[in-house]
Ligand code: ZN
């Protein structure tokens, strides 16, 4: 069966509510274990059914935003998701209150109950209006960013279309592109300050209504972080300052020499080589062919997975008229199908779709056997290990995509990984300070961002750009506005991914087996529990980062970058 034949039908909400509530009642009044387990199965199937239809509507709408049928269907889900969330909430309440909890935990694992408890701590009916306000403000930010029209090189361009110019070989082009983007953002500086101010306020209010001291604790609960807290993360950031930032500073100096520039400005940082950044050497169909060879040779599991994706048309990769921008990977529960959506643009990012997004999809495929939906997906700190590690497991096949640029690609990939560690730590430190001090004015926030920016990127200079120099470089970042405290998950995951990179070079089979175990475990354990299961080091532990960074530094050092 192909994706096009997957059956869509709008859920009958009244009927769903009735059967859902009946099943919850059945669960609550169950007199023995089997009865309770049966009720759980019924509830989970209802959740799979609803999510399947929601995914199909979402995907088909994003494939053609002009399709009026799926436009209406998507609107239906946007409007009714809160009601469905409320049903889930009732189920979670019943779970944690169940007299059979201990016995159920023996069958389904403790974690389900912990997850339910955490989820309940993020919601009370009293915060409904404030949650809506939070969503509204996030959408305001997204809309403003999507509305960007920057006159550049004879055309009006949006922010993502400005991306390729930021890494252009021609320095003047990079500089002008950066200035044009800053100029647009500067005209909206006050609006962005205002939106952020309101977001910080409403989030703080929600947290206090729920009984938290500030929003930070609530954010950790929202992300399902059950076994580490802000102190651990602070230690993580300190390790990045100690071991990664000095290396990045050194690498940046090497780049300055490589690019033959007297001084590197912020607009020089996205270009890695005087001859230009590495690019894939073919179009979409060609790239899918290379990916097929890669996954076929990589392992029998990846071969089966990628064949499944292709045979069922579960990849939609190239930009098309009417297609939404961006990219994502999602899962269609009742068909056991991951789905990858992207808009290829001829850059290195296209290969990332076939490795990073495919890594997410591979994990979803490997976890589909879990009958508890909560165990099919882990928290994001683990999910990004699935994707980022696949990028590294794919290394032996990068020649297929990059040909003569392969060495450049590998060098870029590792330096980008190091950069990401500093970048995510900076944004995380900033958010901790902001939400710890909710009464700060926009100016105070910017002053703090400048100080932190100097710590994590001592070599970055904005002295020719007054807007960025004022401490505004966070203003265009969606994560800061829409998904607070998410960023650091990429940093945590990167450490484990780099460990796979190092291990795979020594003993590929062991590294791959561990990765497969991690993917198959899905979300059936906590962050630290899953790291232990897969034999990954705890990134909060002193030394864990220093060791892996030494390996990366040694590898990069052995490359004569001046000939790249
Ligand atoms: Zn990802």
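Odds and ends about this structure:
- Pairs, first within 10 Å of the ligand (Cβ to nearest atom) in segment 385-396, second not in a helix (DSSP H, G or I), C-beta under 9 Å, six or more apart: 385/378; 385/534; 385/536; 386/378; 387/329
- Of the numbered criteria (1) surrounded by fewer than 19 Cβ atoms within 10 Å (Cβ to Cβ); (2) free of Cβ contacts under 8 Å to residues at least 24 places away in the same chain; (3) in contact with a helix residue (DSSP H, G or I) (Cβ under 6 Å, 6 or more places away or on another chain), the one residue 537 fails is (2).
- The one condition in (1) modelled with pLDDT of 95 or more; (2) part of a helix (DSSP H, G or I); (3) away from the ligand (no atom under 14 Å from the Cβ) that residue 316 fails to fulfil: (2)
- Number of the exception - residue 377 against (1) at pLDDT 95 or above; (2) within 13 Å of the ligand (Cβ to nearest atom); (3) surrounded by fewer than 20 Cβ atoms within 10 Å (Cβ to Cβ): (1)
- Yes/no for residue 259 being more than 24 Å from residue 543 (Cα to Cα) and without any contact (Cβ under 8 Å) to a residue 40 or more places away in the chain: yes
- Hey, residue 219 in contact with a helix residue (DSSP H, G or I) (Cβ under 8 Å, 6 or more places away or on another chain) and surrounded by 17 or more Cβ atoms within 10 Å (Cβ to Cβ) or not: yes
- Here residue 304 does not qualify as in contact with a helix residue (DSSP H, G or I) (Cβ under 9 Å, 6 or more places away or on another chain), over 20 Å from residue 55 (Cβ atoms), surrounded by fewer than 21 Cβ atoms within 10 Å (Cβ to Cβ) and at pLDDT below 95.
- Residue in segment 176-187 that is within 27 Å of residue 494 (Cβ to Cβ), over 22 Å from the mean Cα position of the chain (by Cα) and either at pLDDT 95 or above or part of a helix (DSSP H, G or I) (or both) present: yes
The rows are residues; the columns are (1) within 14 Å of the ligand (Cβ to nearest atom); (2) surrounded by fewer than 23 Cβ atoms within 10 Å (Cβ to Cβ).
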site: 340; (1), (2): yes, yes
site: 343; (1), (2): no, yes
site: 354; (1), (2): yes, no
site: 361; (1), (2): yes, no
site: 373; (1), (2): no, yes
site: 382; (1), (2): yes, no
site: 403; (1), (2): no, yes
site: 408; (1), (2): no, yes
site: 412; (1), (2): no, yes
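- Taken together, the residues in segment 340-354 that are under 19 Å from residue 412 (Cα atoms) and outside any loop (DSSP other than H, G, I, E, B) amount to 6.
- Subset of segment 195-236 [part of a helix (DSSP H, G or I), without any contact (Cβ under 8 Å) to a residue 60 or more places away in the chain and farther than 16 Å from residue 137 by Cβ]: 208, 217, 231
- Per this entry, residue 77 is not counted among residues that are modelled with pLDDT under 95, under 26 Å from the mean Cα position of the chain (by Cα) and under 28 Å from residue 211 (Cβ atoms).
- Residues of segment 89-116 that are surrounded by fewer than 18 Cβ atoms within 10 Å (Cβ to Cβ) and under 24 Å from the mean Cα position of the chain (by Cα): 114 alone.
- Yes/no for residue 444 being closer than 19 Å to residue 339 by Cα, at pLDDT 95 or above and either more than 15 Å from the ligand (Cβ to nearest atom) or touching a strand residue (DSSP E or B) at 6+ places or on another chain (Cβ under 9 Å) (or both): no
- Any hit, segment 276-289, residues being more than 21 Å from the chain's Cα centre (by Cα), part of a helix (DSSP H, G or I) and under 26 Å from residue 494 (Cα atoms): yes
- Qualifying residue in segment 3-15 (condition: touching a helix residue (DSSP H, G or I) at 6+ places or on another chain (Cβ under 9 Å), without any contact (Cβ under 8 Å) to a residue 40 or more places away in the chain and surrounded by 13 or more Cβ atoms within 10 Å (Cβ to Cβ)): no
- Failed item in (1) touching a helix residue (DSSP H, G or I) at 6+ places or on another chain (Cβ under 8 Å); (2) without any contact (Cβ under 8 Å) to a residue 40 or more places away in the chain; (3) part of a helix (DSSP H, G or I), with residue 446 passing the rest: (1)
- Every residue from segment 326-338 that is closer than 22 Å to residue 516 by Cβ, buried (at least 19 other Cβ atoms within 10 Å of the Cβ) and more than 16 Å from the ligand (Cβ to nearest atom): 333, 337
- In summary, residue 347 fulfils each of the numbered conditions (1) surrounded by fewer than 20 Cβ atoms within 10 Å (Cβ to Cβ); (2) away from the ligand (no atom under 16 Å from the Cβ); (3) modelled with pLDDT of 95 or more with the single exception of condition (3).
- Check on residue 246, crowded, with 18+ Cβ neighbours inside 10 Å and either in contact with a helix residue (DSSP H, G or I) (Cβ under 9 Å, 6 or more places away or on another chain) or not in a loop (DSSP other than H, G, I, E, B) (or both): no
- Per this entry, residue 428 is not counted among residues that are buried (at least 23 other Cβ atoms within 10 Å of the Cβ), over 18 Å from residue 295 (Cβ atoms), within 16 Å of the ligand (Cβ to nearest atom) and modelled with pLDDT of 95 or more.
- Residue count for segment 62-82 satisfying the condition of being touching a helix residue (DSSP H, G or I) at 6+ places or on another chain (Cβ under 9 Å) and either part of a loop (DSSP other than H, G, I, E, B) or within 25 Å of residue 30 (Cβ to Cβ) (or both): 3.
- The set of residues in segment 454-471 being part of a helix (DSSP H, G or I) and farther than 23 Å from residue 231 by Cβ consists of 454, 466, 467, 468, 469.
- Check on residue 59, more than 17 Å from residue 371 (Cα to Cα), in a helix (DSSP H, G or I), in contact with a strand residue (DSSP E or B) (Cβ under 9 Å, 6 or more places away or on another chain) and in contact (Cβ under 8 Å) with a residue 24 or more places away in the chain: yes
The values are calculated or read from the model by the stated rules, or taken from the named source; none is laboratory data. Predicted model, so just to flag it, every value in this text is computed and none were measured. Counting neighbours? That spans all protein chains shown, and the Cβs are built from the backbone with ideal geometry, glycine included.
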